[in-house]
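Before anything else, here's the structure in question.
The values are calculated or read from the model by the stated rules, or taken from the named source; none is laboratory data. The structure presented is a predicted model; accordingly, all values stated were derived computationally and were not measured. No Cβ is skipped: glycine too gets one built from the backbone with ideal geometry, and neighbour counts run over all protein chains shown. The accessibility values were calculated without ligands, DNA or RNA, using every heavy atom of the protein model including side chains. Shrake-Rupley method; radii C 1.70, N 1.55, O 1.52, S 1.80 Å.
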4 protein chains.
Amino acid sequence: MAVLRFKAARATMKNTATLLVTCPDRKGIVASIADFLYRHDANILHADQHQDAENNLFLMRVEFDLEGAKVTLDNFPGHFSSIADQFSMNWELKGSQRRARMAIMVSQYDHCLVDLLHRHQSGELDCDIPLIISNHRDTEHLARFYGIPFFHIEVSRDNKAEAEARQFALFDEHQVDLIVLARYMQILSPDFVKRYPHRIINIHHSFLPAFIGARPYHRAFERGVKLIGATSHYVTEVLDEGPIIEQDITRISHRDQVEDLIQKGRDLERVVLSRAVRWHIENRILLYANKTVIFD
Amino acid sequence: MAVLRFKAARATMKNTATLLVTCPDRKGIVASIADFLYRHDANILHADQHQDAENNLFLMRVEFDLEGAKVTLDNFPGHFSSIADQFSMNWELKGSQRRARMAIMVSQYDHCLVDLLHRHQSGELDCDIPLIISNHRDTEHLARFYGIPFFHIEVSRDNKAEAEARQFALFDEHQVDLIVLARYMQILSPDFVKRYPHRIINIHHSFLPAFIGARPYHRAFERGVKLIGATSHYVTEVLDEGPIIEQDITRISHRDQVEDLIQKGRDLERVVLSRAVRWHIENRILLYANKTVIFD
Amino acid sequence: MAVLRFKAARATMKNTATLLVTCPDRKGIVASIADFLYRHDANILHADQHQDAENNLFLMRVEFDLEGAKVTLDNFPGHFSSIADQFSMNWELKGSQRRARMAIMVSQYDHCLVDLLHRHQSGELDCDIPLIISNHRDTEHLARFYGIPFFHIEVSRDNKAEAEARQFALFDEHQVDLIVLARYMQILSPDFVKRYPHRIINIHHSFLPAFIGARPYHRAFERGVKLIGATSHYVTEVLDEGPIIEQDITRISHRDQVEDLIQKGRDLERVVLSRAVRWHIENRILLYANKTVIFD
Amino acid sequence: MAVLRFKAARATMKNTATLLVTCPDRKGIVASIADFLYRHDANILHADQHQDAENNLFLMRVEFDLEGAKVTLDNFPGHFSSIADQFSMNWELKGSQRRARMAIMVSQYDHCLVDLLHRHQSGELDCDIPLIISNHRDTEHLARFYGIPFFHIEVSRDNKAEAEARQFALFDEHQVDLIVLARYMQILSPDFVKRYPHRIINIHHSFLPAFIGARPYHRAFERGVKLIGATSHYVTEVLDEGPIIEQDITRISHRDQVEDLIQKGRDLERVVLSRAVRWHIENRILLYANKTVIFD
């Protein structure tokens, strides 16, 4: 396992911070931030920005080195507040050594789960996975193989509130800050969704907004589309209407039956979900107006 | 122009026939057709078939050489009828030397029109284009350059029936058997659609069934999708619900404004529409259950 | 595991045969084969054919139902030989209930192995995997998890012939008829390759014929290409020159370092290799002139 | 033509400048540039940067508004020189109102030419096209239709130097600063290439570095690849080895003959070349180490 260990080591060795900023657009924002970092000896590793002219909005992501910098994660807010106030910024600062803590929820289809677990183990997803929750037992052996605690919580029409209460308790206990629905076939309550705003990522097995709702592959087959898709998005109160993080498609033909669509779709779902998760945990996503800006 | 002339020559030199068959699936269909052609010395150049198990349907396309065959376009029906009856076939026979006669309807956006005309001139679209009809004059110079008769027929809320009557007269006069809506921004009347069943091809500037209706690029921008698409389909009475012939997509990002979507979409529209038109005139499309089977 | 078991059951329940034919092209081949099957009450489920006019070659794949047919896998050769002789056919017949027996060879990178094992378990790859051979121990735990016998055979410059002899013995013992190199980082001897003609599938991590040989991602990075690719191919005596089965690409940008290419490439390698393996075990590949025809 | 005129108008109405910078990477570069622009009241419209850690290189593109700025295209060098010297910058400044002057060279295949001319007319390519040079007369009518001066200069083994001398004279006379080889089937002399360093864009009809040299579609067909590609690149002294600007691919199958590859390839060539040209004239390309960085 020398290779894997080395990868994991490399990832946690970095000591950087990522600053995400959203504010009204005006002159001098970039200059102020760049000057601030320069004065604090913080070397900029990556910077990307976006202006939305229509909404007069400025969005920026800056990743800088904490090594050798005269600012730390702790004292950054104090130092940065005057600039933040001056430009009315919404901002967040994330340290690379504080890894995201991701819970995975899954039902019976295990292809997305296997994919996430393998990417996690190989160091591609630089986060902690403190637990897996499922309403079935099918994936328990996988969880065990990858050494992740597994919790089986059955969900029915009658016990939904109770089941979610148990889920919340587990999320609290394990200090979860991201919930990934890896083909979890239960609709979350409005309460659940409100509790984790922009903290729940779902994979929908269609090219949204086409085929919102249930059985998208069957409906794609009936409609006779020539491409099928998958969409990862943040979960909001309106089903399948949350901000889209990533989408991709694959070509199908009349030779493909519904079963073939399902099989081809699995490859899409895996890739699309894992990209969304990676961008989230690498703090590459900014949200506004029910849309995402991906600074990749 | 030696190159172009040679290409055009090559296309009309072929003397083949294409048989399209749809019938209930049962044993012996392929054997009967293959045997029929063999007995008439007709060499099979391409054959493709499809079974829809769910609907117990058999679909086939056979292209065979008329040179040296003991059957002609004219006497084929007489010879083939007993097999056709035996298997309750719907069938059509098209000769390669009877080229499709395609009318193009267009409004102001000329990118699809330019593309079709250039492909036609270069021999890629092996059909006749007896006329272009537009509700604007913007593309008249293009029609003239490519030597295609151009008819300007204004359409308003008040004169729609009258305008369509003039269009029908032109189609009749020019013996049109295919109408391509190359970004024609008028909704056809139910009467128009009924008159040319599966003879009208439209290009819709979205990945249907997403963004049915008007202004799909604007709505794609608002929804924050990560891919935009284009769809070519046969026009039926329900807007944007006809059988899909071809679709494709391209990736966009937050850096793309609505204008960029429109620009990127133009490249999609061109390619998707031209593929659909080519498959139609090469008799590669079979229709059933509001879907297409493309034998490419 | 109800879902998985059902899938596996479904796959072996089919009782069909696939006939692959290559012969000089002339009139009457399709008619003869179709008539033969019809006379033996064998219902054609899928048929696809291809003519290579330049080489005057006819290639065909026919899958037919053995249920209710008056021909069996055993007596087919006797019945079919007169047609085969008449048209000078090369042909093969494969029964769906005789599953391919696939050995996987792997070194340290485990992403392709994980992918194949998961697809196998979920029923997507309908074959047996009697063993995994590796020159490292890194993937032994994966083999154990999926219940596949694992053999560790170290390979060095000095023991290559001996190591291969042990491999051949294992292949014989386990009646292997397909060897998949799932990122196996050793070059096979000419003797090995000759022993398994068109029975060894490799995944090369570039868009062949670009970047033949070692370290393709590094060379792609140096050349500054905008897309990277992966290629699955049959192994022949000339390195990376065997018949290509499948290829795919993904887009990269200047923001991608070699490490990112390697990571993005892994997703390609998985998908491209698994498609090639599936087509092989479903008898969808015909070979001629160092090329493949894929009847998918 | 109201639509077209409006587009063209919009493009020239902008009054912005684009600064391209390459220099050794160190702290403070972004801060210095951003501060410089802020002090001169120049609003940053877009900024993008890239660090190449391996080569310790910093690359940046900043587009800023000249309206209301206290710096002009003329006096910028004087004001900026102290920063440029401090960081040892290579830099260029381009004004949006000084449009690139692009010559197109073409032989007989006209699909790329038609595409460029149509994109130019529709406002998508915001440049001047003062002339078209061809070694054939096939495209003269197209040049005339789009109102571009056309020069026919025959090239043979014997008159190459003389022909190029005439070409140079025309480029000088028309103040050409970009030469696009839109399927120009002559190899340029080393003298030609040296004269216009990084000013000549070619479209190669393969996925470079696969199939360098002549007849790539034929060789792709022979090799049996499953995808074909196109590559636009700057022309350097070594054939097909210049910095790659853009690439794309399309899928082919065994059903495609060389002619089909050529036809499918045309769609690729058009799109890939036009993207490269657009990025060049919008000053989105930075060059180093025989590679391009595209700030799109």
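Take the residues of the stretch B:167-192 that are of a type outside the set (S, T, N, Q) and open to solvent by less than 10 Å² (accessible area, probe 1.4 Å): which is farthest from A:A220 (Cα to Cα)?
Here the answer is B:F171.
Being charged (D, E, K, R) and assigned to a loop (DSSP other than H, G, I, E, B) is the filter here, so list the residues in the stretch B:53-66 that pass it.
Within the stretch B:53-66, just B:E54 meets the criteria.
Restricting to the stretch A:46-65, what's the tally of residues that are surrounded by fewer than 20 Cβ atoms within 10 Å (Cβ to Cβ) and touching a Ser or Thr at 6+ places or on another chain (Cβ under 6 Å)?
Going through the stretch A:46-65 one residue at a time, the tally reaches 1.
Run D:F80 past the list (1) out of contact with any Ser or Thr (no Cβ under 8 Å at 6 or more places or on another chain); (2) open to solvent by 10 Å² or more (accessible area, probe 1.4 Å) and report the number of the one that doesn't hold.
That leaves (2) as the condition not met.
Something else about it: Sort out which residues of the stretch C:221-233 are surrounded by 16 or more Cβ atoms within 10 Å (Cβ to Cβ) and over 27 Å from C:S189 (Cα atoms), and write them in order of number. Break it down into steps so the answer makes sense when it comes.
Residues of the stretch C:221-233 surrounded by 16 or more Cβ atoms within 10 Å (Cβ to Cβ): C:221, C:223-233.
Scanning the stretch C:221-233 gives C:F221, C:R223, C:G224, C:V225, C:K226, C:L227, C:I228.
If you don't mind, another one. Among the residues of the stretch D:17-30, write down those that are more than 8 Å from every other protein chain (Cβ to nearest Cβ), under 19 Å from A:Y38 (Cβ atoms) and of a type outside the set (D, E, K, R).
D:L19, D:V21, D:C23, D:P24, D:I29
Being in the same structural domain as C:V180 (by TED's automatic domain parsing), more than 26 Å from C:H198 (Cβ to Cβ) and not acidic (D, E), is that true of even one residue in the stretch C:266-277?
yes
Further question on the same structure: Which residue pairs have Cβ atoms closer than 6 Å, lie 6 or more positions apart in sequence or on different chains, and pair a first residue in the stretch D:31-57 that is more than 7 Å from every other protein chain (Cβ to nearest Cβ) with a second residue that is assigned to a helix (DSSP H, G or I)?
Close Cβ pairs satisfying both conditions: D:S32/D:I83; D:F36/D:I83.
To continue, here is another question. Test of understanding: among D:R199, D:R251, which residue is within 12 Å of chain C (Cβ to nearest Cβ), basic (K, R), free of Cβ contacts under 8 Å to residues at least 60 places away in the same chain and out of contact with any helix residue (DSSP H, G or I) (no Cβ under 7 Å at 6 or more places or on another chain)?
It is D:R251.
Something else about it: Of the numbered conditions (1) open to solvent by 30 Å² or more (accessible area, probe 1.4 Å); (2) away from chain B (no Cβ under 12 Å); (3) at pLDDT below 95, A:G213 satisfies every one except a single condition; which is it?
Checking A:G213 against (1) open to solvent by 30 Å² or more (accessible area, probe 1.4 Å); (2) away from chain B (no Cβ under 12 Å); (3) at pLDDT below 95, the one that fails is (1).
In addition: Sort out which residues of the stretch D:216-240 are modelled with pLDDT under 95 and touching a helix residue (DSSP H, G or I) at 6+ places or on another chain (Cβ under 6 Å), and write them in order of number.
Selection gives D:E237 alone.
Of all residues in the stretch D:276-296 being over 8 Å from the mean Cα position of the chain (by Cα) and more than 24 Å from D:F64 (Cβ to Cβ), which is nearest to the other protein chains (Cβ to nearest Cβ)?
Among those residues, the one meeting the criterion is D:K291.
Next up: I'm checking my understanding of the structure. Among residues of the stretch B:93-129 that are more than 16 Å from the chain's Cα centre (by Cα) and more than 12 Å from every other protein chain (Cβ to nearest Cβ), which one is surrounded by the fewest Cβ atoms within 10 Å (Cβ to Cβ)?
Step by step, filter the stretch B:93-129, then rank; the result is B:Q97.
Let me ask you something else. Out of all the residues in the stretch B:2-20, is one or more among the small types (G, A, S), surrounded by fewer than 18 Cβ atoms within 10 Å (Cβ to Cβ), touching a Leu at 6+ places or on another chain (Cβ under 9 Å) and at pLDDT 90 or above?
no
Give the residues of the stretch D:234-248 that are more than 11 Å from chain C (Cβ to nearest Cβ), open to solvent by 60 Å² or more (accessible area, probe 1.4 Å) and in contact (Cβ under 8 Å) with a residue 24 or more places away in the chain, sorted by residue number.
D:E237, D:L239
Then there's this: Can you tell me how many residues within the stretch A:269-296 are small (G, A, S) and within 19 Å of A:I129 (Cβ to Cβ)?
The total comes to 2.
Of everything in the stretch C:202-214, what is free of Cβ contacts under 8 Å to residues at least 60 places away in the same chain and assigned to a loop (DSSP other than H, G, I, E, B)? Give them in sequence order.
C:S206, C:F207, C:L208, C:P209, C:A210, C:F211, C:I212, C:G213, C:A214
Can you tell me which residues in the stretch A:67-83 are free of Cβ contacts under 8 Å to residues at least 12 places away in the same chain and assigned to a helix (DSSP H, G or I)?
Within the stretch A:67-83, A:G78, A:S81, A:S82 qualify.
Yes or no, residue by residue, for (1) closer than 21 Å to A:R101 by Cβ; (2) at pLDDT below 95:
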site	(1), (2)
A:Y146	yes, no
A:F150	yes, no
A:I153	yes, no
A:R157	no, yes
A:A161	no, no
A:E164	yes, no
A:F171	yes, no
A:L181	yes, no
A:Y184	yes, no
